[in-house]
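What follows is a short report on a single structure.
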Amino acid sequence: MFEIEIDGKTLSVPPGSTVMEAANRLGIYVPHFCYHRKLSIAANCRMCLVEVEKAPKPLPACATPVANGMKVKTHSDAAASAQKAVMEFLLINHPLDCPICDQGGECQLQDLSVGYGGVESRYGEDKRVVPNKNLGSLISTDMTRCIHCTRCVRFGQEIAGVMELGMAGRGEHSEIMPFVSKTVDSELSGNVIDLCPVGALTSKPFRYSARGWELSNRRSVSPHCSLGSNLTVQVKNGKVMRVLPLDNEEINECWLSDKDRFSYEGLNSSDRLEKPMIKQGGEWREVEWTVALDYVARGLKDIARSHGAQGIGALASPHSTLEELHLLQKLARGLGSENIDFRLRRSDFRAFPKAPWLGMKIADLSILDRVLVIGSMLNQDQPLIANRMRQSAKKGVEVNVVNPTSDNFRIKLANQAVVPVAEMAAALEAILAGLSGKGKGEAKAIAQSLKSGKNVGIFLGNIAEQHQDASRLHRLASQIAEKCEGKLGFLGEAANSVGGHLVKAVPASNGLNAREMIEDPRKGYLLWNCEPELDMMNPAAALAAMDKAEMVVAFSPFRHRAHEYADVLLPISPFTETSGTFVNTEGRVQSFKGAVAPRGESRPGWKVLRVLGNLLELEGFDYEDTESVMQEIGIAGYAQCDNSIDAEPDALPAAGGLQRIGHAPIYFADGLARRSESLQATRLSAAPAAFMNAKLLKKLGIEEGNPVLVKQGEGEARLNAALDDRLADDCVFVASGHPQTSALGALFGAISVERL
Amino acid sequence: MEQILLKGLDGGNWRLADYLKRDGYAALKKMFADKMTPEQVIDELKKSALRGRGGAGFPTGLKWSFMPKNYEGDKYLVCNSDEGEPGTFKDRDILYHNPHQLIEGMIIAAYAMGIKAGYNYIHGEIFEVYERFEEALEEARAAGFLGDNILGTDFSFQLHSHMGYGAYICGEETALLESIEGKKGQPRFKPPFPASFGLYGKPTTINNTETFASVPWIILNGGEKYLELGRPNNGGTKIFSVSGHVERPGNYEVPLGTPFAKLLEMAGGMRGGHKLKACIPGGSSMPVLTGDVMMDLDMDYDSIAKAGSYLGSGAVIIMDETVCMVKALQRLSYFYYEESCGQCTPCREGTGWLYRVVDRIENGMGRNEDLDLLLNMTDNIQGRTICALGDAAAMPVRSFVRNFRDEFQYHIDHKHCLVSS
């Protein structure tokens, strides 16, 4: 350990620490712009110059390693004069347009200029003007304000894993810019807005809508991916204006995915359902809650009476709160129906773990030395888990992948087995064989990699979970994990993918699962926070089932296609307007409170279910608040989860022909993201196309851009053919979660493509 | 007067055969024949008091001894031929007229530091020189001086040349490394120094062209002999690129310690009988000295440092009494303004500001407070930047204003030039 004295305070720090780190530990603030604890050291802003005893000139605290016995002064005359000189240089070409700058009031340059800037400028020449850049629909630019700290550049290279911004030009003419006519498209791009210490990069959706000091901060938890990112929801006049990350080193660190950050636009969209509605005589009319709920209660009782309670099925989105899922299953079971499920995109129910989870804490991903990811669009599905693996890979951790695409997630992969979607189980068998010393090729290389590790993690991604052969993939993955004494984990699809199991929002053996409820249509459906044609495994079949039903009750924050097939539309609150709980993929139970009052007549879901329970005269629906629901659920802290699988699912018959990969792209995956205009305007939200590799295009005699007819069973869609050479042979990527493909069948399964 | 770099050159005898006639590669052969150890080679260098000829004057032997000895993995040797300092044109001549001496020097250096691969980074404006150097490399490879098992020994060394693109900043050694790596040429923060984290993150030694070219003579004749050529702590000969108002501008190789008056005489004296007004003794980024001071100086690192400037790259810029010092500084400041890489704040913002203030003084719009402003700005730039370009931009401004303040003041007061009036 080295002894260091900063401003008269002493501290022992490990060798290799910087003066900045030591100062931070002592609680001494050294002014800075380019330094960021998660990024590499650039030492270019020079704002953190400090006086170091025996050094002939001031040194940058961020880049100066601590030496034993070093004495540092951060606020001495010499240090302050160096810092003030730097501030003067930073300000000479800065427009000082704070009154019209969106960063005003939350600007590092503005704040520090109060302490280190002059009253008047000695610079009387013309200031630099820099043209703005089009970075896409999320990030607004005012490049004249840029102070060239390069945080945004380093973020792209180091965290997002793709260099989308760089500093071109020299000297005073240097500019931060994207590649020519390119935008910034990574799914983590919005973080550069937080990183930018000035108003050069600001939020496009938030722009000119409020000042930082007008906003109240509310803690919340993201309702999207399984990570459960912690959020600061900023509100003004009862409206959510902006979402920022809430630092949580164990979960999202200081980052947020763009989906978590910008989906709030959907909360304020014109699509919000604001009044309960009933369809009578083919006409929708707005009614009071009491009327609507009465109607629902009577309808449910009627179905139960005439068809038996098993005629009722409840389908809930895994993005619902734990309380909602609990009350919904309790209500369904109270009615006498075991037909309840929230695993909407799953197709293989032959065997199922009791509560699939990551198998470890998120933060413990960093102690793995070997990783195998099976069937995942990692960047899109769990963008911040992808980041953790990216950082691990840089430190030498071997990340291996089995996938129907060679997308490398912008991670330096050790090995990658790119196999047709129908051959994924075979690929895992080959790895198993490799672990016993047999096998060849990529499978053997992956096996060798895993075998050489001390801390091995095997992870099943969304594709593996939604795969037709999911149970067998699970079984094989668990065998692989066992063989290399590693841990098995599910990356998890949604905010409550773990929680739904914990509250048993899944059928017991005498009930129907999500797939069966569609294949064997029910008379009545309770749709909780989901849009079957976009959120389910087989959109075409789901729609058909809805059409046939006698009564469909859609509980939803949004208007959606249910107006075609539903009988009742009940406006429930999205996550910002209700208290609730999500259990993230590591089993962490995270409760949050509402940030704003429910919009219009919409009501928190748990309240709606409570009242409906009362109207149905079910027992135990007397909750006062979500805390009392949570007491009944009885989990807190970290939930007990379980990935084990007992069954030995048989191999599926070999699937020939073309196979669909019907993954839901990041901003199509849930109702809220689908209603964020800015997210929908990104490149990641491009309209679905039929993506194939060059070999398959050639085989089918189709050229890129040709209009094609894509068919699955009865369902068909007219799309354009597109080239994606990363795809495995005989795979056709056709996105789900989009109206253009909602007439198609199963997300994973046979598909045909013909030229129009 | 003994010459070791330009000796016997007639402008056409650059090829291998010519070089062999001038005792070429004899040092390399001797080194192998005498079974000199790497330590012995470095010792000779230390004895010679050879100092880096690129500008900083750092003792070469000492620099070589910083390279980790038992490092497993690649180490690199890099020659800095990115000669961009205004006034300097010596490396170009070495590369063009005596390329094999550089190659031989680099091979010896590689042997001394256990390096297997090297690069010669040649700046973008001298494409002919680059092409010739490529030819010389081919000759050396064909003759077994370069490549695997050099001269039948088990020592191998691969040398490549790399064409720069003409950015001044790429002459800064870490920016040069970035440039070789294919990145934007921007200096790195030091530490770590190249000896521990250099090209591709591997231990790397970078020397100037003239430095490497001096090495064969030292090995052939011994370090002490080289030292004796010059002065204590200032061993050997040095090429001075004399430019400006002399009768015969050009490269002159003289022993370090040669009186400036003698160098001036060799260059034919002042043009047309004019008077020496000022001289920048070491390239445009070194402080300017007045003619009077200059005439009493000897041309070696220590003497010039004592007078308040630096020997630098040895570019001697001679200015007679017809020169307007404000205009001269305006030109220099524009250069640094344009060549700042823009990475760190004081240099990016400061060089433009310096230029604009000097420019307005030159154009009759100077203000009374401008001279103090300039000096204060140089205080705020010098020593505050990642690399020495900030210092390089500040030093001329400081020295011009300090040494010729009256002339600047005259410009401000009278809105026109003292010299031309």
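Lys/Arg Cβ at +1, Asp/Glu Cβ at -1, dipole of the range A:355-495 taken about the Cα centre: which of A:Q468, A:A363, A:Q380 is farthest positive-ward?
The Cα lying farthest towards the positive end belongs to A:A363.
Please list the non-local residues whose amide H lies under 5 Å from the amide H of B:S340, H modeled 1.01 Å from N, same-chain partners needing a gap of 5 or more.
Sorted by chain and number, the residues that satisfy this come to none at all.
For the range A:326-386 and the range A:243-273, what is the separation of their Cα centres, given in Å?
Rounded to whole Å, the Cα centres lie 21 Å apart.
Around A:A363, under 13 Å between beta carbons, what's the net of Lys plus Arg minus Asp minus Glu among the other residues? Could the numbers behind the result be given before it?
Working: positive: A:K361, A:R388, A:R588; negative: A:E249, A:E250, A:E253, A:D364, A:E586.
Spelling it out: positives minus negatives among the neighbours equals -2.
Excluding residues on the same chain fewer than 8 positions from A:K71, give the aspartates and glutamates whose Cα lies under 19 Å from its Cα.
Here the aspartates and glutamates satisfying the reach criterion relative to A:K71 are A:E3, A:E5, A:D7, A:E21, A:E51, A:E53.
Could you tell me, in Å, what Rg and Dmax come out for the Cα atoms of chain B?
21.8, 73
Would you work out which of A:N693, A:Q659, A:L672 lies farthest towards the positive end of the dipole of the range A:647-703? Charges go on Cβ: Lys and Arg +1, Asp and Glu -1.
Sorting the options by dipole projection puts first A:N693.
Using 30 Å as the Cα-Cα cut-off, could you pick out the over-long pairs in B:K90/B:K277; A:K454/B:K190; A:K454/A:K504?
With Cα atoms farther than 30 Å apart: A:K454/B:K190; A:K454/A:K504.
Does the range A:339-465 come out rounded, prolate or oblate, given a ≥ b ≥ c as the square roots of the eigenvalues of its C-alpha gyration tensor, rounded meaning a/c under 1.5 and, failing that, prolate meaning a/b above b/c?
Oblate, since a/c reaches 1.5 and b/c is not below a/b.
Filter the chymotrypsin sites (Phe, Trp or Tyr not before Pro) in the range A:121-204 down to the DSSP loop ones having no more than 16 other Cβ atoms within 10 Å, then list what survives. Don't jump to the answer; show the numbers that get you there.
On the way: sites: A:Y123, A:F155, A:F179; in loops: A:Y123, A:F179.
When the chymotrypsin sites (Phe, Trp or Tyr not before Pro) of the range A:121-204 are filtered for loop state and at most 16 Cβ neighbours within 10 Å, A:F179 remain.
Counting only other chains, what is the mean number of Cβ atoms within 10 angstrom of the Cβ of each residue in peptide B:378-387? Intermediate values should be presented prior to the final figure.
Numbers: counts 0, 3, 7, 2, 1, 7, 10, 4, 6, 0.
For peptide B:378-387, the averaged partner shielding equals 4.
Kindly provide the helix-only [θ] at 222 nm of chain B, computed as the sum of -39,500 (n - 2.57) over DSSP H runs of four or more divided by all residues, to the nearest 500 deg cm²/dmol?
Estimated from H runs of four or more residues: -13000 deg cm²/dmol.
With a 10 Å Cβ neighbour count serving as the proxy for reagent exposure, in which order, fewest first, do A:T64, A:T585 appear?
The order, fewest Cβ neighbours first, is A:T64, A:T585.
By DSSP, what percent of the beta bridges with both residues in the range A:630-756 are antiparallel, rounded to the nearest 5?
Working: 14 of 20 bridges.
Given both bridge residues lie in the range A:630-756, the antiparallel proportion sits at roughly 70 percent.
Please get the size of the charge dipole for chain B, origin at its Cα centre, with Cβ charges of +1 on Lys and Arg and -1 on Asp and Glu, quoted in debye to the nearest 20.
Computed charge dipole of chain B: roughly 440 debye.
Ranked from highest to lowest mean number of other Cβ atoms within 10 Å per residue, what is the order of the peptides A:16-25, A:38-47? Mind dumping the intermediate values first?
Details: A:16-25: 19.4, A:38-47: 22.3.
Highest mean packing first, the order is A:38-47, A:16-25.
Taking the alpha-carbon distance from A:K699 and a cut-off under 25 Å, which lysines remain once sequence neighbours fewer than 8 residues away in the same chain are dropped?
A:K699 reaches A:K711.
With each pseudo-label sitting 7 Å past Cα toward Cβ, what's the A:T10-A:S436 distance in nm, one decimal?
Taking the two extended label points, one gets 6.4 nm.
Which residues' amide hydrogens lie under 5 Å from the amide hydrogen of A:M70, considering only partners 5 or more residues apart or on another chain, with H built in the peptide plane?
A:E5
Set the bar at 27 Å for Cα to Cα. Now go through A:K259/A:K279; B:K46/B:K69; B:K75/B:K238 and name every pair that lies beyond it.
A:K259/A:K279; B:K75/B:K238
Cβ neighbours within 10 Å, averaged per peptide: list B:179-187, A:112-120 in order, most packed at the top.
Peptide ranking by packing, descending: B:179-187, A:112-120.
Would you mind computing Rg(Cα) / (2.2 N^0.38 Å) for the range B:169-245, counting N as its residues? Present the calculation step by step, with values, prior to reporting the outcome.
Numbers: Rg = 16.3 Å, N = 77, 2.2 N^0.38 = 11.5 Å.
Output field value: 1.43.
Calculate the all-directions average of the projected area of the range B:10-57's alpha-carbon convex hull, and give it in nm².
Average of the hull's projected areas for the range B:10-57 equals 5.0 nm².
Considering the options A:L201, A:C225, A:H173, tell which one lies farthest towards the positive end of the dipole of the range A:165-242, charges being +1 on Lys and Arg and -1 on Asp and Glu at the Cβ, about the Cα centre.
Most positive-ward Cα: A:C225.
Using a Förster radius of 35 Å, what is the FRET efficiency between A:L618 and A:S216 based on their Cβ-Cβ separation? Nearest 0.05, please.
So, using R0 = 35 Å, E works out to roughly 0.40.
What size of dipole, in debye to the nearest 20, comes out for the range B:239-366 about its Cα centre when the only charges are +1 on Lys and Arg C-beta atoms and -1 on Asp and Glu C-beta atoms?
The dipole magnitude comes to about 320 debye.
Under 20 Å from the Cα of B:K202, which aspartates and glutamates turn up, not counting those fewer than eight places away in the same chain?
Within the straight-line limit of under 20 Å, B:K202 reaches these aspartates and glutamates: B:E72, B:D74, B:E172, B:E173, B:E178, B:E181.
If you count, for each residue, the other Cβ atoms within 10 Å and average over each peptide, how do A:550-559, A:444-453 line up from highest to lowest?
Output ranking for A:550-559, A:444-453: A:550-559, A:444-453.
Let me spell out the model: positive unit charges on the Cβ of Lys and Arg, negative unit charges on the Cβ of Asp and Glu, origin at the Cα centre of the protein assembly as shown. What dipole size does that give, in debye rounded to 20?
My answer is approximately 540 debye.
Give me the net charge for the shell around A:G166: Cβ to Cβ below 14 angstrom, other residues only, Lys and Arg +1, Asp and Glu -1.
On the way: positive: A:K133, A:R151, A:R154, A:R170, A:K182, B:K183, B:K184; negative: A:E158, A:E164, A:E175, B:E178.
Summing Lys/Arg as +1 and Asp/Glu as -1 gives +3.
Classify the range B:93-251 as rounded, prolate or oblate from the Cα gyration tensor: take a ≥ b ≥ c as the square roots of its eigenvalues, call it rounded if a/c is under 1.5, otherwise prolate when a/b beats b/c and oblate if not.
Because its axes are fairly even, with a/c under 1.5, the range B:93-251 counts as rounded.
For peptide A:42-51, what's the mean number of Cβ atoms from other chains within 10 Å of each residue's Cβ?
Counting Cβ atoms of other protein chains within 10 Å of each residue's Cβ and averaging gives 4.
Averaged over B:351-361, how many beta carbons belonging to a partner chain fall within 10 Å of each residue's beta carbon?
3
Tally Lys/Arg at +1 and Asp/Glu at -1 over every other residue whose Cβ is under 15 Å from the Cβ of A:T741; what's the total? Each step should come with its number before you reach the end.
Working: positive: A:R345, A:R561, A:R660, A:R674, A:K711, A:R718; negative: A:E531, A:E533, A:D535, A:E714, A:E716.
Charge balance near A:T741 sits at +1.
How many angstrom lie between the Cα centre of the range A:24-100 and the Cα centre of the range A:589-648?
About 50 Å separates the Cα centre of the range A:24-100 from the one of the range A:589-648.
Based solely on its DSSP helices, what 222 nm [θ] is calculated for chain A when runs of n ≥ 4 H residues each add -39,500 (n - 2.57) and the sum is averaged over all residues, nearest 500 deg cm²/dmol?
Details: 24 runs with 199 residues, N = 756.
Mean residue ellipticity, 222 nm, calculated: -7000 deg cm²/dmol.
Give me the distance between the Cα centres of the range A:409-451 and the range B:335-403, rounded to whole Å.
Cα centroid of the range A:409-451 versus Cα centroid of the range B:335-403: 60 Å apart.
Which of the chymotrypsin sites (Phe, Trp or Tyr not before Pro) found in the range B:1-90 are in a DSSP loop and have at most 16 neighbouring Cβ atoms, other than their own, within 10 Å?
Details: sites: B:W14, B:Y19, B:Y25, B:F32, B:W64, B:F66, B:Y71, B:Y76, B:F89; in loops: B:W14, B:Y25, B:F66, B:Y71, B:F89.
Filter output for the range B:1-90: B:F66, B:Y71.
With N set to the residue count of chain A, report its C-alpha Rg divided by 2.2 N^0.38 Å to two decimal places.
Working it through for chain A, the quotient is 1.01.
Ranking A:E617, B:E85, A:E51 by Cβ neighbours within 10 Å, fewest first, what do you get?
Lowest to highest Cβ neighbour count: A:E617, A:E51, B:E85.
Every number in this text was worked out from the coordinates using simple rules, so none of it is lab data. Just so you know, these numbers come straight off a predicted model, no measurement behind them. With ideal geometry, Cβ positions are generated from the backbone for all residues, glycine too; neighbour counts draw on all protein chains shown.
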